[in-house]
Each structure stands twice: as C-alpha cells, then as structure tokens.
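To keep things clear, I will list the structure first and then write my remarks on it.
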Amino acid sequence: MKRFAPLLLFLPGCCGKDSEPTVRIKGESFKTTMIRTRAHFREFLRWDPPAAGRAFVVAYPHAHYHHYESRNNYDVVFTDGGGKVLEVLTLAGAEEGGITSSVEATHAVFLRAGTAARLGLRTGESVELAAPLRENLPPLLAALRVNGHGVNAWTAVGREDQAHGFMFRRRLSRDDGMIFAYPSPEINEFWMKNCAIDLDIAFFRSDGTLINVVETRRYPDPKNPPETRSRSHEPAQYVLETNFGWFRARGMILEDGRPNGTVRIELPPDVRS
C-alpha cells in the first residue's frame, strides 16, 4: 500500500461539518465529520486522525461491504442504519492491505485507536446516530445501469486510484462495482496483483456499448502475479469491475465474453469523462 503525506489543512465545511452531528457511544458523545463527497471519501484516511471526542463517519443509504486502508490507526465501528453495532475492527496503519468488513453495513464510524476497548463496545450493542447521520445521505457511490440492471460503483479517478482498483478488498456486495473512466478510448489491460476476489472486467466504448467482458480469477499468489492480463478487444473509454459472473448471470454475454446483443452502460454525467 502506498504511503501519503499528511494533509495539513482541513477545509471548513468541506464535508458537511456545519452542525457537527454527534454519535453517542456508551454514554460518551463524539462530534463527527461526515464524509459527504466522493473526493473526500478518497482522501479522508490520509488526514490526521480525529482529535479526542471526535469521529469520522461514512454512511450509505444501503448496506455494503466496506474496505479501508490508511497510514494511521483507527477503531472502526460498523453499524446498521439504526445504530446497531455489527462489527468492530482495528485499522492498523502499519498493516498492508487495510480492512474489509465481514458484514454489510450502512455506517462506518472512525474513532481514535483504543477508544472501542476503552468504552467496552461490543458487537450487538447500539450507538446513537444523530438524525443528520441517518437522513438524506450523500451519494458516495455512482448509480450506474447496465441494460437496466443497477450497479453501485466506486469511482476510480486518476492513475493512482485506477492502478489500485480493488486491491486487497476481500468482499464485494452483490451489485457493487468500480467504474474507470478515461479521457479518451484506449486499449486497456488489467491485472489482478494483490486482488483477493474474482472479478468480471467489462470494457465499454465511448457510446456506452459493451465491447467484451473478461471473467477474471484471482491469482494463486496475488502478491507475485504472472504476466496474464485481462484485455479489451478494442479501444475502450469505460471499464466496469463487478463480482465474477455478474454479466453472465444476467444473460448479457456469450461464452467467449462478447456481448449477447446490444449491452449498454448508463453513466451519470459526473462520471463521464
């Protein structure tokens, strides 16, 4: 995992700090910084950890498996929308690969390392999420459709994000994915270094029509991958990664990965290059 220099400036209001809604855990209140934009979702774990009595919160309208990597140490509390604690994990900055939740959760609360143990927080207990942390949640995932089938996609922006992709992630919710948008069509080759899950890698033209899908298994040793690549048959501007078999299960591809008729991806304007 690449290391990043600390972000020294915290921009006022950049993540919805206006009212600083609280999370109450075992009788102790924490003022929160809620991560409200995709740009800050990509950046917030590069910031210094929250001060005592504060927390970061990531919240989705629907439950997903979460994955996080950071240079810093955190306790991460995963909850459902009502505040029930589903899992508590330690994110250790010195450990390559970060953490993936073993349960699908709507919320992730990031506390200073050691806080959960100090409070004696356990799975099955509840925390109190203030209303702004439960209502009108920001769209951190892009809502895509492929021939009418919905995909909730993280966006890979810039070469660094695109090179990292789904590295180290151990689980992916059924209809989740990652979208890669390039400035112009190009021959794309993807490999599975440090990938712990099997993926469909789908290549699309500028007009959104499918070129081909490569159903790609993880390598036996992801840290030492062979030279095998998953390649577009022609220049592609958009690439979508989903769970292995996602396209075939929906009848969208033939045996060789070519489209079964016309298959088209619908992208929101802020994802299109």
Just the residues that are part of a loop (DSSP other than H, G, I, E, B), in contact with a His (Cβ under 7 Å, 6 or more places away or on another chain) and under 18 Å from residue 42 (Cβ atoms), please, taken from the stretch 69-120. 98
Result of the Cβ filter at 6 Å on the stretch 223-249, keeping first residues that are over 16 Å from residue 166 (Cα atoms) and partners that are of a type in the set (S, T, N, Q), at least 6 apart or interchain, is 232/188; 233/212; 236/188; 237/206
Residue 272: at pLDDT 95 or above and of a type in the set (Lys, Arg), yes or no? no
Filter result (of a type outside the set (Gly, Ala, Ser) and in contact (Cβ under 8 Å) with a residue 60 or more places away in the chain) within the stretch 92-114: 96, 100, 104, 109, 110, 111, 112
Could you tell me whether the stretch 224-235 includes any residue that is at pLDDT below 95 and surrounded by 15 or more Cβ atoms within 10 Å (Cβ to Cβ)? yes
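Rundown of residues vs (1) at pLDDT below 95; (2) charged (D, E, K, R); (3) closer than 30 Å to residue 180 by Cβ, yes/no style:
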| site | (1), (2), (3) |
| --- | --- |
| 38 | yes, yes, yes |
| 43 | yes, yes, yes |
| 69 | no, yes, yes |
| 93 | yes, no, yes |
| 108 | no, no, yes |
| 133 | no, no, no |
| 139 | yes, no, yes |
Just name the residue that is farthest from the chain's Cα centre (by Cα) out of those in the stretch 102-129 that are among the small types (Gly, Ala, Ser) and surrounded by fewer than 21 Cβ atoms within 10 Å (Cβ to Cβ). 120
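The values are calculated or read from the model by the stated rules, or taken from the named source; none is laboratory data. Everything numeric in this text was worked out from a predicted model, so none of it was measured. Don't worry about glycine lacking a Cβ; one is built from the backbone with ideal geometry, like all the others, and counts go over all protein chains shown.
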